[in-house]
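Worksheet for the structure shown next.
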Amino acid sequence: MAEAESVNPLVKVRDLKMYFPIHSGLFRTHVGDIKAVDGISFDIMPGETLGLVGESGCGKSTVGRSILRLYDVTSGTVEINGSEIAHVDRDSLRSKRPMMQMIFQDPQASLNPRMTVASIIGEPLDEHMKLSSDERLARIYELMDWVGLNRAFAKRYPHEFSGGQRQRIGIARALALNPKFIVCDEPIAALDVSIQAQVVNLLEELQDRLDLTYLFISHDLSMVRHIADRVAVMYLGRIVEVASREALFAEPLHPYTQALLSAVPEPDPELERHRKPIVLQGDVPSPANPPKGCNFSTRCPKVMDICRQIEPEVRDFGGGRQVACHLYSENMTTTAEPTAGQTKN
Amino acid sequence: MPDTAMPILDVKGLKTVFRTRGGEVHAVNSVDFDLRPGELLGVVGESGSGKSVTMMSLLRLLPSPPAEMRDGTVMFDGQDLLKISPEELRKVRGSKIGFIFQDPMTSLNPVYTIGFQLAEPLRAHMGLSKAQARSRSIELLQLVGIPDAERRLKDYPHQFSGGMRQRVMIAIALACDPQVLIADEPTTALDVTIQAQIIELVKELRHKLGMAIIWITHDLGVIAGIADRVMVMYAGQVVEEGPVGEIFRDPQHPYTQALLKTVPAVRGPRAERLQVIEGQPPIMYEAPVACSFRNRCQFAFDRCSQANPALTGISAPGHRAACFLLDKASTPEPEAANG
Ligand SMILES: Nc1ncnc2c1ncn2[C@@H]1O[C@H](COP(=O)(O)OP(=O)(O)OP(=O)(O)O)[C@@H](O)[C@H]1O
Ligand SMILES: Nc1ncnc2c1ncn2[C@@H]1O[C@H](COP(=O)(O)OP(=O)(O)O)[C@@H](O)[C@H]1O
Ligand code: SF4
Ligand code: SF4
Ligand SMILES: [Mg+2]
Ligand SMILES: [Mg+2]
C-alpha cells in the first residue's frame, strides 16, 4: 500500500484524552479522574476499517464516543474529513453530525420502542434535511432495501423484530444522512453466532457500495480479523499496538497482544489439544489509578525493572505498525529485537 | 451403548413448556442425554435453543407457572429427580450436583459477604461447624486461585472483579464436592484473558476432583478445548451429539455443519466472506411435528416438513444426529416418513 501514503486520512486522532472526574464527600470535591482514554493517536484512511480491540473497560467505547463528540473531550484533537471535531462549538458540530454516525451494541436499547421502523429511520432525515413526504418515504424504503429489511415492515415496532433485524434498523438509521464515517461499537456482540455473520456481511457490502470508513470496536478477535484492514489494540486507556491485520495476527509484538491472541480458543479440538495459552495473572488495574511506568507492567509476563519506572514510547516499525513496549525501544533493540525464534506461540 | 461406564445422570424424554400470554412456548422437546462419571459434556446452540431451560428443568429450578414440566425422567444416584420430594431434592441440589449460572452478578447476593455465601451451603449440606466452614471456605477460595483468601472472606461481591466473582461461583458450586457440576455459560460475560484463566482452572480442578461436568456455551472454541463429548441443541431438541473430535471433523446435521462454518478463525487461513445461516431460529409455539431447521436448511426436502427426524446413530460410536439425510434408504421417498 505505497500510495496510501499520499492519500489523506479521513480520521486523524492526536493525543486524545478523556477523563471522567471522580467526586467525593459532602462537597463533591474533585478527588481524581478515571483516565478512560489516556493519550491516544491514530489515523483511519478513507474506505478503511480500523478494528479497535481490548478487554472490557479498557476504553474502546469511550474512544468511539469521544471522536464523535458524544463527550466533551479532556484534550487532544480529532479531525474527520478535514474538519476539527474535538473543540468546535455546538452549531458547527451540528452541521458536521451527518457525516459521522454510530451503530450501537444493543439494538434493543438503542431504538425507541414507541416509534415505528419508518419513524426511527426517518428521524435523522427530519432533523437534518428538508424532504417532501414522498421523498422522505422513498428514502426510508431505499434504506430498508439496503439493509435487507422488507418494506412491508415499515409500520412495525422494534419489539416485533429479532435481534439481527433490529441491528439492521440501527444500521439503516445510521446510513440515513449519507455518512462517510461510522463508529460500530460492538455491533454484533448481542447477536447469536448464526446471525453475527449476516450482519458482518451486510456491513462489508455497505462499505463497498457506499464507500464507508469504519471504526469497528469489538472484543471478538476472530471477527475483527475478518472485517478490519488494520487493528489497534487497547489496554487501560492506551493503544499498545497498531498493525495491519496480517501482521498483527501473524506476529503480535506487544506482550499484551500476544497474550490476548493466545487466549482465544480455536474451534478445532486437534489444535486446542496443543495450544498453550499465555495465561495472564491478576485483573486489569483501575483506570482511576493506573500503574506507574508501563500500564501493563502489573500483569506482563516479560516485565523488566525499567517498565515499572518509565512509560514506554510508541515506536514505529514502518508499514503502519506501532508498538509501545520497552522490549522494542531503541536502547533495547540489540537484546530484544523480535525474531522468528522469540515469538513462537 | 458401547460405553462401559454407567451414566451418572440419565435424562430421558424431558419436556418443558412455558405458558405465556402469547400461548405455549415449547422450550424443551423430548430431550434425551446422559453424562458419564468424570466426563465433560459440552452443550452448544444459539440463544433460545433450550440449553438453560433443559438444565434448570432437571434440577426443578424453574418457577411454575409459567414453566410446566410435561414429561421425562432424570435418573441420578438411583432416583428420579423429577419424582423425589422437595426435601430429597434439596439434598441433591448444591451438594451432589453443583451449578453455576450465566451472570455472576445476579448469582452472588450483593448484600452478603463472600465468606457467608461460601459457608452457608457447607453448614447446611455438610453440617460443618462455623469454624470448619470458615477454614473450608478459605481452602476453596485458594483452590480457585483467589489470592489473600482469608482477608477476602469479609468482602462483598462488588469488591471483586468479574473474573473473581466467577471464581467464587465456581468455589460455591464445588463447596460440597459434587459428583456433577452444571456450568451455564460460565465464561460468556468474561474477557478472553479472564476466560482463559477460568478454563485453565476448570481443567485443573477436573483433574484433581474427578467430577463430571456439563458446560453450556455458544462458543465453539471453548467447547473444542474442554469437552469430551458435545451435544448440539436447536429449537429445544438435541439435533446432534457425539465425541468432540467427531463433531468438529465430521458434523452430520446441517445445522452443526453451518454453525461450524459461520465462525471465523483467529489462526490459519482467513475466509474472504463469512458463511451465513439465513433466517433465524423459530419460536416454538407448538411441539415440533416437522424438522425445526427446515426453513433454514439448504438440503430440506419434502419429508422434512412432514415429520420430525429422531436422533439416529451413524457409523462412528456414540455419534448421533436428527436429520432425514442420514436415513439413506428412505431419503428420496417421502412416503416412508413415519417409521
Ligand atoms: N460516563 C462515565 N463516567 C465515569 N466513568 C466512565 C464513564 N464511561 C466510561 N467510564 C469508565 O471508563 C473506562 C472505559 O470505559 P469504556 O466504556 O470506554 O470501556 P470499553 O472498552 O468500551 O469496555 P466494554 O468492552 O466493556 O464495552 C471504564 O473504567 C469505565 O468504567
Ligand atoms: N420464564 C420464561 N417464560 C417464557 N419463556 C421462556 C422463559 N424462560 C425461557 N423461555 C423460552 O424457552 C426457550 C429456551 O430458553 P433457554 O433455555 O433460556 O435458551 P438458551 O439457554 O439455550 O439460550 C426460549 O424460547 C425462551 O424464550
Ligand atoms: S514495557 Fe515492559 S511491562 Fe510493558 S509490555 Fe513491554 S515488557 Fe511488558
Ligand atoms: S431433516 Fe431435512 S430440513 Fe432437517 S436438517 Fe435434515 S435435511 Fe435439513
Ligand atoms: Mg464498550
Ligand atoms: Mg441460556
What would the Debye formula give as log10 I(q)/I(0) at q = 0.07, 0.08, 0.12 Å⁻¹ for the alpha-carbon point model of chain A, no solvent? -0.33, -0.43, -0.93
Rounded to the nearest 20 Debye, what is the dipole magnitude of segment B:166-286 about its Cα centre when Lys and Arg each give +1 and Asp and Glu each give -1 at the C-beta? 380 debye
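Please arrange A:Val224, B:Val276 by how many other C-beta atoms lie within 10 Å of their C-beta, fewest to most. Write out the running numbers ahead of the final one.
Numbers: A:Val224 25, B:Val276 19.
Listed from fewest to most nearby Cβ atoms, that is B:Val276, A:Val224.
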Build a GNM of chain B with springs between Cα atoms under 10 Å: which of B:Met233, B:Met169, B:Met75 gets the top mean-square fluctuation? B:Met75
Chain B: angle of helix B:192-209 to the longest principal axis, Cα-based, in degrees nearest 10: 80 degrees
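First measure r as the distance between the Cβ atoms of A:Tyr141 and B:Arg273, then evaluate 1/(1 + (r/R0)^6) with R0 = 30 Å and state the FRET efficiency to the nearest 0.05. It would help to have the intermediate numbers written out before the result.
Details: r = 27 Å, r/R0 = 0.89.
Plugging the Cβ-Cβ distance into 1/(1 + (r/R0)^6) gives 0.65.
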In 20 Å bins starting at zero, report the fraction of Cα pairs in chain B per bin as a rounded %. 29, 56, 14, 1
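What is the Cα convex hull volume of the protein assembly as shown when expressed per residue in Å³? Write out the running numbers ahead of the final one.
Numbers: hull volume 135.3 nm³, N = 684.
In the protein assembly as shown, the Cα convex hull volume per residue is 198 Å³.
What ranking, highest mean first, results for peptides A:41-51, A:213-223, B:311-321 when packing means the other Cβ atoms within 10 Å averaged over each residue?
Values: A:41-51: 19.6, A:213-223: 23.4, B:311-321: 15.4.
Order by mean packing, descending: A:213-223, A:41-51, B:311-321.
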If one takes the longest principal axis of the Cα atoms in chain B, at what angle in degrees, from 0 to 90 and to the nearest 10, does the Cα axis of helix B:162-174 lie? 90 degrees
Relative exposure of A:Met234, B:Met56, judged by other C-beta atoms within 10 Å (fewest first): B:Met56, A:Met234
Please flag any cysteine in chain A that has no other cysteine's Cβ under 4.7 angstrom from its own Cβ. A:Cys58, A:Cys184, A:Cys300, A:Cys325
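Tell me the Kirkwood hydrodynamic radius of segment B:114-246 in angstroms, computed as one over the mean inverse distance between distinct C-alpha pairs.
16.0 Å
If each residue's Cβ is checked for other Cβ atoms within 10 Å, how do A:Arg321, A:Arg173 rank with the fewest at the top? Write down the numbers at each step before the final one.
Details: A:Arg321 17, A:Arg173 23.
Least to most surrounded, the residues fall as A:Arg321, A:Arg173.
Could you sort the peptides A:300-312, A:14-26 by per-residue average Cβ neighbour count (10 Å cutoff), highest mean leading? Each step should come with its number before you reach the end.
Values: A:300-312: 16.2, A:14-26: 13.8.
Packing proxy ranking, top to bottom: A:300-312, A:14-26.
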Most mobile of B:Val144, B:Val244, B:Val263 in a GNM of chain B (Cα contacts under 10 Å): B:Val263
Go through A:Tyr214, A:Ala259, A:Pro290 and say which Cα lies farthest out towards the positive end of the charge dipole of chain A; charges sit on Cβ, +1 for Lys and Arg, -1 for Asp and Glu. A:Pro290
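To the nearest whole number, what is the average tally of beta carbon atoms from other chains within 10 Å of the beta carbons of peptide A:252-260? Provide the component values of the computation, followed by the final result.
Values: counts 0, 0, 0, 0, 1, 0, 0, 3, 5.
That average works out to 1.
Provide a whole-number value for the mean count of partner chain Cβ atoms within 10 Å of the Cβ atoms in peptide B:281-288. Kindly include the intermediate steps, with their values, before the conclusion.
Details: counts 4, 0, 1, 0, 0, 0, 0, 0.
Average per residue, whole number: 1.
Helix by helix through chain A, keep the DSSP H runs that span 15 Å or more along the axis on Cα and average at least -1.0 on Kyte-Doolittle, and give those back in order.
Values: long enough: A:117-128 (18 Å, 0.19); A:133-146 (20 Å, -0.73); A:163-175 (18 Å, -0.41); A:193-210 (26 Å, 0.24).
Once both thresholds are applied, what remains is A:117-128, A:133-146, A:163-175, A:193-210.
Could you work out the mean count of beta carbons from other protein chains within 10 Å of each residue's beta carbon in A:188-195? Mind dumping the intermediate values first?
On the way: counts 0, 0, 1, 2, 11, 11, 16, 8.
Taking the mean over all residues of the peptide, I get 6.
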Holding the Cα-Cα limit at 20 Å, pick out from A:Lys17/A:Lys292; B:Lys130/B:Lys154; A:Lys96/A:Lys155; A:Lys12/A:Lys60 the pairs that are longer than that. A:Lys96/A:Lys155
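If the convex hull of the alpha-carbon atoms of segment B:14-59 is projected onto planes in all directions, what is the mean projected area in square nanometres? Provide the component values of the computation, followed by the final result.
On the way: hull surface 15.3 nm².
Mean shadow area of the hull around the Cα atoms is 3.8 nm².
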Mind checking the log10 I(q)/I(0) for segment B:1-141 at q = 0.08, 0.10 Å⁻¹? Debye, one equal scatterer per Cα, no solvent, two decimals. -0.28, -0.44
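None of the figures in this text is laboratory data; all of them are computed from the coordinates on show. All values reported here derive from a predicted model rather than from experimental measurement. Note that each Cβ is placed from the backbone with ideal geometry, even for glycine, and that neighbours are counted across all protein chains shown.
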